[in-house]
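This is the structure I have questions about; it appears just below.
Values in this text are rule-based calculations from the coordinates and carry no lab data. Because the structure is predicted, anything quoted here is derived from the model rather than measured. Cβ placement follows ideal geometry from the backbone for every residue including glycine, while neighbour counts extend to all protein chains displayed.
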């Protein structure tokens, strides 16, 4: 019972932390997550597989489809019209030439109660979390049943992986990675089972086929399978029957997809289509500086590097991960004198995964050096580190787990909150419509509420709190103008211009049904004559043609270019 409670506690902790992260991370804020979500929504929307050569699901449409089929029940929660990727793109993102870590921001639709597309997206994230949960259970089985490790060490590997920040992060995203991890560790469990029975080859072939139908990097399992087959040949029941399973089942389950890629794109992996749509700084294997940069990127993103590799962890967390890894590997080298087949296969599994990462970086460039590609062998790494830590001292693993748990609890406040400031509020549909600005070529945005003082002292700021609603996205960076004018006069006596939320939330970031509050501080000149003034607000293209946006009624009739929000007495 104590062991079951320990396993249940570790799994529950992982489930809570991963779900927490999935809610704290804005949609799309993970490597290629929008592409993975679009693949799932594409299947739910069209009922057919995409063709990247025709511009369908660019960047991810060449990937095997099993994970996206798994996501279908979640994706179809949204009505047909909402099975699309809607994101608030950040023009100030690092990769776009800006200085901000976030590629996307939170929409009003992403705040509880979720909009239909957001609800579907979060359900897909939850399915990914559940796949990682199975990976943890299979890691425990691999250590205890196949490697014959002490129970505490095998459980420690489960807990170490459950609390590892980068594993948590990638478990909380819409991606095909968590399903691949589950299938690969299931395959390794089968390959290394102490007593391979009559159906050993069947299960190994099935897991391999499913893994190949999930992600192309599953090909690293082929050499692993070949070595295990060679070493275990004398112990296999009807070995040629097992070989038949190992050949026929993967071809039957996944072969059709690679044949489809060959016909559509000219190569079985679809790399031609992928490379045509994806550009990255090239990796030069002859450059020492490139290797140093690659090692830093790979090492850092193996511990904790969030977003699109653009949200780095605090230095203390990176040092903690490096210390745990160094102690674990040091203890492992001390422990292993004459390794048996099982630990050698885990080491081989990790080496093959690293080799695949290098090969991918040679094709895709510097962006290929991401720790998530090594996480497909994370069970092997966790088991090795747990065994090494326990070898050095029986309490060292406990200290490492407590330190990781503390770091995980601080992640949302220390890493995510600064990187993803929120500029929107939950939907406020009961507020009355005061004015609606409608550009000629796109949908309207609306003023829903205004709060302003009755009087203001000349030379002091006038603070106005507003509530806005966008009915759709905008293509230009509209700016607000605020005017003080004599009541009923055509021209203003004082003008003040400002971007939404001081420029932090430009109109090009608005998405359909976004709501936001904007508190504007208008400096009133000290020499402005005392009296009563109309306070007017409007919008114009400050960074383009300076065209003003017209206010129109429901019939499209132009009513003017500004709205009088009230009167202010200047003292």
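Report, in degrees rounded to the nearest 10, the 0 to 90 angle that the Cα long axis of helix 288-303 makes with the longest principal axis of the chain.
Roughly 90 degrees, rounded to the nearest 10.
For the stretch 314-387 and the stretch 441-460, compute the distance between their C-alpha centroids and round to whole Å.
Distance between centres, Cα-based: 57 Å.
To the nearest 10 degrees, how steep is helix 221-232 against the longest Cα principal axis of the chain, on a 0 to 90 scale?
Orientation of helix 221-232: about 20 degrees from the principal axis.
Further question on the same structure: With just the Cα atoms defining each centre, how far is the stretch 519-571 from the stretch 19-92? Give it in Å.
Between the Cα centre of the stretch 519-571 and that of the stretch 19-92, the gap is 41 Å.
Using only DSSP helix segments of four residues or longer, with each worth -39500 (n - 2.57), what per-residue ellipticity at 222 nm results for the chain after dividing by its residue count and rounding to 500?
Values: 17 runs with 258 residues, N = 571.
Taken over the chain, the calculation gives -15000 deg cm²/dmol.
While we're here: Under a plain spin-label model, where a point goes 7 Å from the Cα along Cα-to-Cβ, how far apart in nm are residue 198 and residue 458?
For the pair residue 198/residue 458, the computed spacing is 10.1 nm.
Can you give the % of DSSP beta bridges in the chain that are antiparallel, to the nearest 5?
Details: 47 of 50 bridges.
Around 95 percent of the beta bridges assigned by DSSP in the chain are antiparallel ones.
Testing the spin-label approximation: label points 7 Å from Cα along Cα→Cβ at residue 569 and residue 251. State their distance in nm.
Between residue 569 and residue 251, the label points sit 9.1 nm apart.
Does the stretch 1-100 come out rounded, prolate or oblate by the C-alpha gyration tensor, with a ≥ b ≥ c the root eigenvalues, rounded set by a/c under 1.5 and, if not, prolate when a/b is larger than b/c and oblate if not? Show your work: numbers first, answer last.
Working: a/c = 2.36, a/b = 1.42, b/c = 1.67.
Oblate, because a/c is 1.5 or more while a/b does not exceed b/c.
What does the extension gain come out to for residue 152 and residue 80, with contour length at 0.36 nm per residue minus their alpha carbon separation?
Numbers: separation 72, 0.36 × 72 = 25.92 nm, distance 4.90 nm.
Residue separation times 0.36 nm, minus the Cα-Cα distance, leaves 21.0 nm.
Sticking with this structure for a sec: Can you list, bin by bin at 20 Å, the percent of alpha carbon pairs in the stretch 2-419, starting at 0?
P(r) over the stretch 2-419, rounded to whole percents: 26, 60, 14, 0.
What is the log10 of I(q)/I(0) for the stretch 55-209, computed with the Debye formula using one identical point scatterer on each Cα and no solvent, at q = 0.09, 0.17, 0.19, 0.20 Å⁻¹?
Values returned for q = 0.09, 0.17, 0.19, 0.20 Å⁻¹ are -0.42, -1.10, -1.22, -1.29.
Taking 0.36 nm per residue of sequence separation and subtracting the Cα-Cα distance, how much length would be gained by fully extending the chain between residue 46 and residue 226, in nm to one decimal?
Full extension from residue 46 to residue 226 adds 60.9 nm.
If I fit a long axis through the Cα atoms of helix 151-163 and take the longest principal axis of the Cα atoms of the chain, what angle between them do I get, 0 to 90°, rounded to 10?
20
Pulled fully out, how much extra length does the chain show between residue 559 and residue 114, if you take 0.36 nm times their separation in residues and subtract their Cα-Cα distance? Before the final figure, lay out the partial values.
Numbers: separation 445, 0.36 × 445 = 160.20 nm, distance 3.49 nm.
Length gained, residue 559 through residue 114: 156.7 nm.
Let me ask something else. Would you mind getting me the FRET efficiency between residue 402 and residue 489? Use the beta-carbon distance for r and R0 = 60 Å, nearest 0.05. Show your work: numbers first, answer last.
Numbers: r = 69 Å, r/R0 = 1.15.
In this case the efficiency is close to 0.30.
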